[in-house]
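What follows is a single structure, written as structure tokens, with notes after it.
No value in this document is a laboratory result; all are computed from the given coordinates. These figures come from a predicted structure and were not determined experimentally. Here Cβ is always computed from backbone atoms with ideal geometry, including for glycine, and neighbour counts include all displayed protein chains.
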Amino acid sequence: MTRNTTVKEFELFKSECLKWIDYFGLKDWKIDFLHEELKSESYAECRVEGISSRNVVLCFNTKCSEYDRKCLNIRKTAFHEVWELILWPLQYIGTCRYVQPEEFTTAVHSVIRTMENTIYKE
């Protein structure tokens, strides 16, 4: 049996995503949010709609089985989707047929700089 997730749950997902987006300084992305039924059984998904335009949609699933509702941790789900966004450039490069070594190095250092600017404290 499936049940719809609520607007209140979606708002929690959105606010938690925004907290981590701000924390990690992901200001070079245009980020939108959707609350819609996903084709997959995932709680949420990160849809990058253009690498050069830096557009992304973070989607929260409206459908969730009764079993999944018991396991759903909205805050952790939001954190997971923000990390999908952080690591997306690496995933993108990994799926390209032809990759220049400097592209991978640039993507890796983007993640490292994010961690230096947020987690690392002297």
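A few remarks follow.
- Computed about its Cα centre, the charge dipole of the range 2-85 is approximately 160 debye, with only Lys, Arg, Asp and Glu carrying charge at their Cβ.
- Residue ranges 86-99, 18-31 sort as 18-31, 86-99 when ordered by packing (mean number of other C-beta atoms within 10 Å per residue, highest first).
- Shape analysis of the range 2-85 yields a ratio of the Cα radius of gyration to the Kirkwood radius, Rg/Rh, of 0.97.
- Long-range amide H partners of His35 with built H, under 5 Å: Phe60
- Rounded to the nearest Hz, the phi-derived 3J(HN,Hα) couplings of the range 23-31 under the Karplus curve 6.51 cos²θ - 1.76 cosθ + 1.60 (θ = phi - 60°) are 4, 8, x, 7, 8, 8, 10, 8, 10, where x marks glycine and proline.
- Remark on Asn55: its backbone amide H falls under 5 Å from those of Lys30, Glu49, Gly50, a criterion applied only to residues 5 or more positions apart or on other chains, H modelled at 1.01 Å from N.
- Mean separation of Cα pairs under 8 Å and 6 or more residues apart, divided by the residue count, gives the chain a relative contact order of 29 percent.
- Near Lys63, the amide H atoms lying under 5 Å from its own belong to Thr5, Leu38; only residues 5 or more places off or on other chains count, and H is placed 1.01 Å from N.
- In order along the range 100-109, the Karplus-derived 3J(HN,Hα) couplings, from 6.51 cos²θ - 1.76 cosθ + 1.60 at θ = phi - 60°, round to 7, x, 5, 5, 5, 4, 4, 5, 4, 5 Hz, and Gly and Pro are given as x.
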